[in-house]
Amino acid sequence: MQSYDIVIVGGGAAGFFAALTAAEATPNTRILILEKARNPLAKVRVSGGGRCNVTHACYDPTQLITYYPRGGKELRGPFTRFQPRDTVAWFGQRGVRLKTEADGRIFPVSDQSQTIIDCFLDEARKHDIELRTATRAKTIQAAADGFTIQISNAADIQAAKVLLAAGGGAAEAYTIAAGFGHTIVPPVPSLFTFEIKEDRLNGLAGISLENVELALTDTKGIAINGALLITHWGLSGPAVLKLSAWSARELAQSNYRSQLQVNWYPPHTPASLFAELENARRTQARKHALKTNPTKLPTRLWQRLAATAGIGENHNWGDLSNAVLHRLADELTRGTYTIQGKGVFKEEFVTCGGISLKEVDFKTMQSRLQPGLFFAGEILDIDALTGGFNFQSAWTTGWLAGHGMVL
Ligand SMILES: Cc1cc2nc3c(=O)[nH]c(=O)nc-3n(C[C@H](O)[C@H](O)[C@H](O)COP(=O)(O)OP(=O)(O)OC[C@H]3O[C@@H](n4cnc5c(N)ncnc54)[C@H](O)[C@@H]3O)c2cc1C
């Protein structure tokens, strides 16, 4: 039976990073990467719209963990050992220059994810890491000196250590982990847009706002601030993605049907906006209400929301009753919309759920239940907001596992 020191299930971001870390830490380690797809690193290829947003310019672990709806607490220690600064240095030392964009996202200077893939494949060749593509790990059993791995297209192989780095939602790998007693937190999607079909939003697609506040009214979730985009199908943009991530599980449980409260004009509250609208009524009494927008909202949005609150074509500001002003203040600061489903965000999506973090030692990424078994990347119950944080978790946990396996 062919035998290796380390077998890595999954030739993705975390698997490669772990393999390279182990190979560099202890040369001559016999390492095999099993990848079920024809090509490795498929997600790296499509990531960041083909540009690969490798990490984020956030260098304080305490702040960094706030971008992780799941896994933040557990990543606190790991980020003191390998964080975005180390990622930038790692790629720099291997000839990949990175650049930071105004919003903090870090990309290769080439703007090509292929640069990252080439770097990994070159480094793997340099270290004699074996890669078998179109090869699936089917089952893994504990054996006398490690593990026996049944693969899809050849005889069983033997490994002293095994790293499961099979990504999010990889059913077979979850089954393998469960076979060693691991708990799988049910996987559900994170980072998606909201489908909303409401007359109020008809014809407004393309309008974007720099800052709105969103909250789900039927869960005890948090309020999220950020930019918003009205689309043909509903709502998208950073605030929506953030809320989808923080409420991923609740939204899955409700089958993506939920009530969304939108404050189009934060930090205004119904009361503070009412006062402002009263002022408009006083100072612009003879002006046409729909045409005289006292807010900084885009005019088309203002007109639509004002019409929804009952303001007609012929109304002047002076005609508006307190009841109408209250309705308008509510519509602008706490309008509710029915989410009817989830849409895709093509740039980045991840899995919430996976291997329960309680059962993993975050110093080495070794299983607390099965010695010699390790985990890295999105197979774990870790996921982040958009911006390069998901890859950072793959690099950090891959780096820890790489060291952990050659200890
Ligand atoms: C469209 C898209 C764009 C993204 N863009 C970004 C971005 O710009 N920045 C960012 O930070 N994050 C991004 N992400 C998220 C990021 O890609 C993932 O979080 C990251 O790839 C996770 O790395 P991983 O190695 O754990 O899993 P993966 O990269 O998914 O790799 C796991 C590998 O394991 C293989 N595998 C699974 N089961 C088996 C098996 N039984 N046997 C053998 N092989 C197996 C899979 O084929 C896969 O190649 C994006 C995600 C998507 C979908």
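Tell me the residue from Glu347, Glu378 that is under 17 Å from the mean Cα position of the chain (by Cα), within 9 Å of the ligand (Cβ to nearest atom), modelled with pLDDT under 95 and under 27 Å from Arg105 (Cβ atoms), please.
Within the list Glu347, Glu378, the selection yields Glu347.
Return a yes/no flag: does region 7-29 have any residue that is in contact with a Lys or Arg (Cβ under 7 Å, 6 or more places away or on another chain) and surrounded by fewer than 22 Cβ atoms within 10 Å (Cβ to Cβ).
No, because not a single residue in region 7-29 is in contact with a Lys or Arg (Cβ under 7 Å, 6 or more places away or on another chain) and surrounded by fewer than 22 Cβ atoms within 10 Å (Cβ to Cβ).
Out of (1) of a type outside the set (A, V, I, L, M, F, W, C); (2) more than 19 Å from Thr351 (Cβ to Cβ); (3) assigned to a loop (DSSP other than H, G, I, E, B), what's the single condition that is false for Tyr4?
The failed condition is (3).
Take the residues in region 53-66 that are within 24 Å of Phe120 (Cβ to Cβ) and touching a Gly at 6+ places or on another chain (Cβ under 9 Å), then tell me which one is surrounded by the most Cβ atoms within 10 Å (Cβ to Cβ).
Within region 53-66, the match that is surrounded by the most Cβ atoms within 10 Å (Cβ to Cβ) is Thr55.
Looking at region 89-109, can you tell me whether even one residue there is of a type in the set (D, E, K, R) and modelled with pLDDT under 95?
Within region 89-109 (the criterion being of a type in the set (D, E, K, R) and modelled with pLDDT under 95), the answer is no, since none of the residues qualifies.
Condition first: more than 9 Å from the ligand (Cβ to nearest atom) and surrounded by fewer than 23 Cβ atoms within 10 Å (Cβ to Cβ). Now tell me which residues in region 30-44 satisfy that.
Arg30, Leu32, Arg38 - these are the residues of region 30-44 that are more than 9 Å from the ligand (Cβ to nearest atom) and surrounded by fewer than 23 Cβ atoms within 10 Å (Cβ to Cβ).
For every residue, the table says whether it meets (1) charged (D, E, K, R); (2) within 15 Å of the ligand (Cβ to nearest atom); (3) farther than 16 Å from Tyr4 by Cα; (4) part of a strand (DSSP E or B).
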{"residue": "Arg85", "(1), (2), (3), (4)": "yes, no, yes, no"}
{"residue": "Val88", "(1), (2), (3), (4)": "no, yes, yes, no"}
{"residue": "Ile106", "(1), (2), (3), (4)": "no, yes, yes, yes"}
{"residue": "Ile149", "(1), (2), (3), (4)": "no, yes, no, yes"}
{"residue": "Gly167", "(1), (2), (3), (4)": "no, yes, yes, no"}
{"residue": "Glu172", "(1), (2), (3), (4)": "yes, yes, yes, no"}
{"residue": "Thr175", "(1), (2), (3), (4)": "no, yes, yes, no"}
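Find the residue count for region 361-375, including only residues that are aliphatic (A, V, I, L, M) and either more than 16 Å from the ligand (Cβ to nearest atom) or in contact with an Asp or Glu (Cβ under 8 Å, 6 or more places away or on another chain) (or both).
Counting residues in region 361-375 that are aliphatic (A, V, I, L, M) and either more than 16 Å from the ligand (Cβ to nearest atom) or in contact with an Asp or Glu (Cβ under 8 Å, 6 or more places away or on another chain) (or both) gives 1.
Residue by residue through region 241-276, note down the ones that are out of contact with any Phe, Trp or Tyr (no Cβ under 7 Å at 6 or more places or on another chain) and either hydroxyl-bearing (Ser, Thr, Tyr) or not assigned by TED's automatic domain parsing to the domain that holds Thr231 (or both).
Ser247, Ser254, Tyr256, Ser258, Tyr265, Thr269, Ser272
Out of everything in region 362-382 that is touching a residue at least 40 places away in the same chain (Cβ under 8 Å) and over 17 Å from Gln392 (Cα atoms), what residue ends up being surrounded by the most Cβ atoms within 10 Å (Cβ to Cβ)?
Ranking the candidates gives Phe374 first.
If you go through region 310-325 one residue at a time, do you hit one that is on the phi > 0 side of the Ramachandran plot, surrounded by 14 or more Cβ atoms within 10 Å (Cβ to Cβ) and within 29 Å of the chain's Cα centre (by Cα)?
Looking through region 310-325, none of the residues is on the phi > 0 side of the Ramachandran plot, surrounded by 14 or more Cβ atoms within 10 Å (Cβ to Cβ) and within 29 Å of the chain's Cα centre (by Cα).
Filter region 45-83 down to residues that are touching an Asp or Glu at 6+ places or on another chain (Cβ under 6 Å) and within 25 Å of Val188 (Cα to Cα) and give me whichever is nearest to the ligand (Cβ to nearest atom).
Result: Gly49.
Among the residues of region 40-83, write down those that are of a type in the set (A, V, I, L, M, F, W, C), farther than 18 Å from Gly398 by Cβ and not in a helix (DSSP H, G or I).
Ala57, Cys58
The values are calculated or read from the model by the stated rules, or taken from the named source; none is laboratory data. These numbers come from a predicted model, not from an experiment. Glycine gets a Cβ as well: all are built from the backbone with ideal geometry, and neighbour counts include every protein chain shown.
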